[in-house]
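Below is one structure; the comments refer to it alone.
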């Protein structure tokens, strides 16, 4: 297969990707960032009574024709403890914010506009119009009103709104299940002794963090050895329980790169293999039944760049999150030479203190094996394939890194 341009590979990967159709019901405490599977309409009216907007006194506005005037204090209305009688002419009820306005009263005089000449009386210093400082029943929403449309992502305010609308649990889309498997005989888990010719399997943890933030449920398959039977078993397992399988390493064309041959033997279809980008060229995408498969390169920078460009948008699409433009425009902090036939994604630092836009400066070392450089980076600077030489201050595009 020839090298596929980045934009074409992204489009092919997302073609036909739809939110996971399965649903589950969860409690409010677990609702953050989940996607509503159905419309949430109000099961109740909020507030379901006329409520005071201020601390003060519930009165009949008609009694305040000439102020100051004195009214008889006949009781109290507090949140959770309403005054149970009707307010008659010449009477007032001490009331607090959020408390029900008693029958007969049609306004609230705020506390600052009153005096208490005696425990039994209140002196009203300023008049108030009918309806003053009252929150009418249904002022927020009424039974049957749309609260959260299907497909919405739950934020703190919409979670509180669902609770207020009468929902102790909510039906949401199931998260896409992303299985992550690191392949290679040279790998050991973090914390284990590292022998000669061995390296720590680290990439999967960064990829899992990206996928989880994009809305995925992670299935950690650990380390899979360079063995066709082991890789085949991994594929079979993922086909039975995952929506996406991400493999790390083994996606190139060396004698020990077995992902491609095993996929073909299993009858999987390959959408693309090898992308015109740096780092991350030896990446493949395919399908085995309903399972989507992404074979990422093993070098740390390559796998993380590939995850930013392909894993994240795929997971967001499958999770039901709206497509978003992740690209931001800025200005180069240094001169750059012309680029070759592959798009380049340079690990860079982002300085947003400049008045004419963010300044993006590539880090000095761009080797795809360097995790320390990637950890230092706050942006991925994009250099299109065939881009001419650029000067400091020229406009550029980048993806901010979390």
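Taken together, the values in this text are just the output of simple stated rules run on the coordinates, not laboratory data. Since the structure is predicted, the reported quantities are computational estimates derived from the model, not experimental observations. Cβ: placed from backbone, ideal geometry, glycine included. Neighbour counts: every protein chain shown.
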Separation in nanometres of the label points that stand 7 Å from Cα toward Cβ, at residue 115 and residue 237: 8.2 nm
Alpha-carbon centroid distance for the pair the stretch 177-228 / the stretch 106-120, whole angstrom: 69 Å
Pairwise FRET efficiency - residue 24 versus residue 326, Cβ, R0 = 25 Å, nearest 0.05: 0.35
The chain, relative contact order in percent, only Cα pairs under 8 angstrom and at least six apart counted: 16 percent
Residues residue 48 and residue 372, FRET efficiency given R0 of 56 Å [Cβ-Cβ distance, rounded to 0.05]: 0.45
For the stretch 328-400: rounded, prolate or oblate by the Cα gyration tensor [a/c cutoff 1.5]: oblate
Gyration tensor (alpha-carbon) shape descriptor, the stretch 51-135, a/c threshold 1.5: rounded
Contour excess over end-to-end distance, with Cα ends at residue 200 and residue 11 and 0.36 nm allotted per residue: 64.7 nm
0 to 90° range, to nearest 10: angle between helix 228-241 axis and the chain longest Cα axis: 20 degrees
Rounded, prolate or oblate (a/c below 1.5 giving rounded, otherwise prolate when a/b exceeds b/c) for the chain by Cα gyration tensor: prolate
Per-residue Cβ neighbour rank within 10 angstrom, fewest leading, 329, 292: 329, 292
Nearest-0.05 FRET efficiency for residue 143 and residue 228, computed from C-beta distance (R0 60 Å): 0.50
Rounded tilt (10° steps) of 203-213 against the dominant C-alpha axis of the chain: 30 degrees
Residue among 134, 207, 35 with the largest mean-square fluctuation in a Gaussian network model of the chain, springs linking Cα atoms under 10 Å: 134
